[in-house]
Every structure is written in structure tokens, then in C-alpha cells.
Amino acid sequence: MILITHALTGAVIGKNLNNPALIILLSLIFHFLMDTFRHGEYVEVFSKNTSIKNSGWKVGLDLSAGALIIFFVARLSYLDEKTMANIWLGAFFSVLPDFITALYWKFRWRFLQKYYTFHSWLHKYPRLSPEREWSLRNSFNDIWMSIVAIILLLLH
């Protein structure tokens, strides 16, 4: 899944729960569950031949777009500060697993190797396979999950 989809899902969790520990736990669990669905990725971010300079803008755009959607949808709903904090908590922890994966990819810190192996195992299709290329078919799950999340964020 792309970061927008994870962030929107975490935001929905944060909007609907008042317990920060439960928001964190469910945001992480949903991240891993969503990664089991077929989804397109801009996989070159994690290619050995690609630098952060060449791909970082994609990650930045992805995160920024997700943050803007959450911000505007939340503003349209006139939510209180506690709910907004919970939304951002959910969004943050729902993208955290991919950030940890990027840390492992970039620095190869051994203490993250088991985590990286687990996170990779959750993806049904291997890295660089046609089923994970960026295409409309592979991105269908991202699209419908994001639309549902936006609708749930807009509901009172």
C-alpha cells in the first residue's frame, strides 16, 4: 500500500477511538493486514540502484498528500483537539512500519532484520514482481480503501 492509504486508515481508527494505546495497536495491525492485499508500489524506492535523492520526492509527495487530505477532511468536520490528536496518532503509527522498513533498507541495521523479514513476508507477491508494479490494476485496493477511509472520516 502507498502511504496515503495507510495514513487515511490510521486516521479513521484515531477518529473513532479514544484510547491512544488501542489506536496505536490497531493502526499497526491494520497496516500489516492491508499489506497482505495485492497493491502497487513505487518499488524503485527500495531498489538497490536508487538513491533517496531520486525517490525521496515520491515519498514526500505521498506523505504530504495524505496529510493534506486528513487535514482538510478533519477541518470540514470541525473536530475537537483531542479527536484531531487521535487522528494524527493513528495516521503516524499506520505509516511507521514502512518508515522502519526504509531504515532497514537504507542502513541494514541488524536489529531490524527480523522485522524487515516479517514485513516482507506479509506481502503476498515478492518485491519487483509484476503484481507489485505501479498500475491501475495493482493499485485498485489502494484506491477503494482510500475512498472508504475518506468517507468514514467525513461521517460524524
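The values are calculated or read from the model by the stated rules, or taken from the named source; none is laboratory data. Here the structure is a predicted model, which is why all the values come from computation and not from measurement. When we count neighbours, we look across all protein chains shown, and the Cβ atoms used for this are built from the backbone with ideal geometry, even at glycine.
Here is a list of conditions, (1) modelled with pLDDT under 85; (2) surrounded by 15 or more Cβ atoms within 10 Å (Cβ to Cβ), and Leu63 meets all of them except one; can you say which number that is?
Only one criterion is unmet by Leu63, namely (1).
Please verify whether Asn86 is in a helix (DSSP H, G or I), in contact with a Gly (Cβ under 6 Å, 6 or more places away or on another chain), touching a residue at least 12 places away in the same chain (Cβ under 8 Å) and over 19 Å from Met1 (Cβ atoms), treating the condition exactly as stated.
yes
Quick one: is Ser146 under 18 Å from His31 (Cα atoms) and either modelled with pLDDT of 95 or more or among the charged types (D, E, K, R) (or both)?
When the stated conditions are applied, Ser146 passes them.
Does the range 77-88 include one or more residues that are out of contact with any Asp or Glu (no Cβ under 7 Å at 6 or more places or on another chain) and under 23 Å from Asn141 (Cα atoms)?
Within the range 77-88 (the criterion being out of contact with any Asp or Glu (no Cβ under 7 Å at 6 or more places or on another chain) and under 23 Å from Asn141 (Cα atoms)), the answer is yes, since at least one residue qualifies.
In the set Phe111, Phe107, Phe140, which member is over 16 Å from Met34 (Cα atoms), of a type outside the set (S, T, N, Q) and modelled with pLDDT under 95?
Checking each option against the conditions leaves just Phe107.
Quickly run through the range 107-132 and pick out the residues that are within 20 Å of Pro97 (Cα to Cα) and either of a type in the set (Val, Ile, Thr) or assigned to a loop (DSSP other than H, G, I, E, B) (or both).
Arg108, Trp109, Thr117, His123, Lys124, Tyr125, Pro126, Arg127, Leu128
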